[in-house]
Amino acid sequence: MTVFVAFTRAVPRAIDRCELTHLVRTPIDYARAVEQHAAYEEVLRRLGCRVERLPAEDDMPDSVFVEDTAVVFDEIAVITRPGAASRRGEVESVTQALGMHRRLAFIQPPGTLDGGDVLVTPGKVFVGITERTNADGARQLATHVIPFGFVTIPVPVDGCLHLKSAVTLASIGAVRGGRTMLLINPQWVSRDPFDGYELIEIDPAEPMAANVLLVGDRVVCAEEHPRTRRRLDAHGLVTLSVPAGELAKAEGGVTCCSLLIRTT
Ligand code: CIR
């Protein structure tokens, strides 16, 4: 069985000062956000992850969204240079912690890269070109992973924060014996770069639903998107849901709150 270490980080007190790009600021209930985040960590444990919390960063408003600070492969971890200057301090503790598990590489200026823009599939890495991730960041990532056999494909994204707001992995072909499946919102990213994958579209009534977290062969969905979850179920996928509404107000989804590190 595949075992993951899952890095998470506590919801910071400063979350109400988070970066917002496509959403209007609405009050975040801190206690509720903490409760929902704990439920998320519990689901990861149920799925066999060993949850390790990074040191809390209460003054860094977006520090709960650890996904953006690194991209973890089996052979290497790439520490990002987040596109929002307010988030660059988050990488320090992640660098310390990931260094225990992987050889590290770093995105250097003028490159910028957010982990939320990087969709890793077997053999292919899609990199969203967004306000957070520039072409130089994508190019640097490519040089780090080419030695391990990955092709890197830059993908334009329009209307949402990150590539993984628009498309995520729903199953890996090798695990299910079929084609790799992606869950996609075609309003925000073209289907064209993903030729050869089986694409499942979100329910149009749930534009934020494309962000799901694949752990082994289980798909973690936000409870707020039941219609899209039913579409995944109909494709024979095994899904479960977590309440994620509070952190969604900070423009975060279910992939954003963890970094998964395969250990076996
Ligand atoms: C930000 O704008 O950076 C945060 N408020 C949300 C980051 C969400 N992260 C992700 O989608 N990977």
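Some points to look at:
- Net charge of neighbours whose Cβ lies under 11 Å from the Cβ of residue 93, counting Lys and Arg as +1 and Asp and Glu as -1: -1
- Contact order, relative form, for the chain: 22 percent (alpha carbon pairs under 8 Å, 6 or more residues apart, mean separation divided by residue count).
- Each principal axis of the Cα cloud of the range 32-160 was taken in turn, and the coordinate range along them, longest first, works out to 38, 30, 29 Å.
- Only beta bridges with both residues in the chain are counted; by DSSP, about 45 percent of them are antiparallel.
- Accessible area of the range 3-263 divided out per residue, in Å², using a probe of 1.4 angstrom: 42 Å²
- Sorting the segments 221-229, 42-50 by their mean number of nearby beta carbons within 10 angstrom, highest to lowest, gives 221-229, 42-50.
- Kirkwood estimate for the chain, i.e. one over the average of 1/r between Cα atoms, Å: 18.2 Å
- For the listed peptides 22-31, 245-254, a ranking on the average number of other beta carbons within 10 Å per residue, highest first, reads 245-254, 22-31.
- What you get for the chain, charging only the Cβ of Lys and Arg (+1) and of Asp and Glu (-1), is a dipole of about 580 debye around the Cα centre.
- Taking each residue as 0.36 nm, the span from residue 148 to residue 21 lengthens on full extension beyond its C-alpha to C-alpha distance by 42.3 nm.
- Rg and Dmax, both from the Cα atoms of the range 107-164 and both in Å, are 10.5, 33.
- Span from the the range 2-66 Cα centroid across to the the range 154-204 one, whole angstrom: 24 Å
- Normalised by the number of residues in the range 1-73, the average gap of Cα pairs under 8 Å and 6 or more apart makes the relative contact order 56 percent.
- Prolate/oblate/rounded label for the range 125-193 (Cα gyration tensor, a/c 1.5): oblate
The values are calculated or read from the model by the stated rules, or taken from the named source; none is laboratory data. On a predicted model such as this, the values are computed, not experimentally measured, just so you know. In this analysis, Cβ positions are derived from the backbone assuming ideal geometry, glycine residues included, and neighbour counts consider all displayed protein chains. Surface areas here come from the heavy atoms of the whole protein model, side chains and all, with no ligands, DNA or RNA. Shrake-Rupley method; radii C 1.70, N 1.55, O 1.52, S 1.80 Å.
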